[in-house]
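Structure first, commentary second.
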Amino acid sequence: MTAAGRFPGSTALQEIGQLLALAREVGRALFRPPFQTKEFIQQSWFVASVTMLPAALVSIPFGAVIALQLASLTEQLGAQSFTGSAGVLAIVQQAAPVVTALLIAGAGGSAICADLGARTIREEIAAMEVLGISPIQRLVVPRVLAAMLVAVVLSAMVSVVGVLGGYFFNVVLQGGTPGAYIASFSALSQLSDIAIGEIKAALFGLIAGIVASYRGLNTPPGPRGVGDAVNQSVVISFLLLFLFDLILTAIYLQVVPPKGS
């Protein structure tokens with residue numbers, strides 16, 4: 001698969017095929033030496049720098065909203081003792097990976113797409129191909145791996161911050177019992193809940209990185225084309241992330257039985 005934009009009149013089905021072809025090429029290049037360690041470290045730091053603070057700030061209201069809503073619901077059902085456990089499940093399984101996905105695709109993915117798009121319209125990608133250098137291995141693989149790594153770290157951070165935010169709002173603002181909130185963690189939650197949250201984050205980072213790289217390498221000519229490619233990458237990433245979130249959640253709930261069932 002060539003890296004630069006070659007398909008101005010391609011249909012949606014062709015676009016999907018080219019995106020899958022890029023994903024296949026990335027998978028092959030992962031195990032092909034040499035690995036671009038320096039590029040990977042630089043991209044990991046860059047993606048983390050543009051997503052870490054927004055993720056921490058967004059996770060606090062997410063945890064607060066979940067805690068407030070669940071506290072009201074469990075009070076109506078007479079199950080206040082399960083507020084903490086239900087909040088942890090909601091944050092770890094759903095909120096943390098989704099927040100991470102949105103930030104990775106919106107902030108990190110758009111930056112990756114803009115960088116590769118600028119290289120494409122300046123014909124740097126074409127020059128690398130002429131010199132026999134694989135743009136996939138040299139540029140795309142480090143960025144995709146960086147998005148995956150940062151997504152996993154961000155998901156863990158959002159989980160911790162979200163749970164702490166939920167604890168604060170439930171205990172301090174709603175007068176909940178601290179001991180009951182913490183003790184209920186083990187009532188419904190289990191280790192596999194953390195695992196599925198991290199798996200989702202890694203997959204979301206992979207999807208966001210590949211989509212951003214694909215749109216960047218297939219940018220229409222001109223600066224306006226870069227902006228259009230960035231917008232398209234963010235929209236496509238969001239749609240795919242929510243679709244795969246639905247699929248993974250459905251599979252997990254079918255394969256892993258709830259605790260206590």
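On the given criteria, is A86 touching a Leu at 6+ places or on another chain (Cβ under 8 Å), of a type in the set (G, A, S) and in a helix (DSSP H, G or I)?
Considered against the rule, which asks whether it is touching a Leu at 6+ places or on another chain (Cβ under 8 Å), of a type in the set (G, A, S) and in a helix (DSSP H, G or I), A86 comes out as yes.
Tell me, yes or no, whether segment 233-249 has at least one residue that is part of a helix (DSSP H, G or I), open to solvent by less than 50 Å² (accessible area, probe 1.4 Å), over 23 Å from V158 (Cα atoms) and touching a Pro at 6+ places or on another chain (Cβ under 9 Å).
No, there is no match, as no residue in segment 233-249 is part of a helix (DSSP H, G or I), open to solvent by less than 50 Å² (accessible area, probe 1.4 Å), over 23 Å from V158 (Cα atoms) and touching a Pro at 6+ places or on another chain (Cβ under 9 Å).
Determine which single condition T219 fails, assuming it passes every other condition in (1) in a helix (DSSP H, G or I); (2) crowded, with 24+ Cβ neighbours inside 10 Å.
(1)
Name the pairs: first residue in segment 15-39 and among the basic types (K, R), second residue not in a loop (DSSP other than H, G, I, E, B), Cβ to Cβ under 7 Å, at least 6 apart or on different chains?
R32/Q137
Among the helices (runs of 4 or more DSSP H) confined wholly to segment 90-182, which include 3 or more residues that are under 25 Å from the mean Cα position of the chain (by Cα) and either of a type outside the set (D, E) or closer than 30 Å to R32 by Cα (or both)? If you could, list the steps in order and put the result at the bottom.
Working: elements: 96-103, 110-121, 124-130, 141-168.
So the answer is 96-103, 110-121, 141-168.
Considering each of F62, F46, F40, F7 in turn, give the residue that is under 22 Å from A114 (Cβ atoms) and modelled with pLDDT under 80.
It is F7.
Return the total of residues in segment 108-164 being farther than 19 Å from I210 by Cβ and buried (at least 22 other Cβ atoms within 10 Å of the Cβ).
4
The values are calculated or read from the model by the stated rules, or taken from the named source; none is laboratory data. Everything quoted here is computed from the prediction, not taken from an experiment. Neighbour counts are summed over all protein chains in view; Cβ atoms, including those assigned to glycine, are modelled from backbone coordinates with ideal geometry. Calculation scope for accessible area: heavy atoms of the full protein, side chains included, ligands and nucleic acids excluded. Shrake-Rupley method; radii C 1.70, N 1.55, O 1.52, S 1.80 Å.
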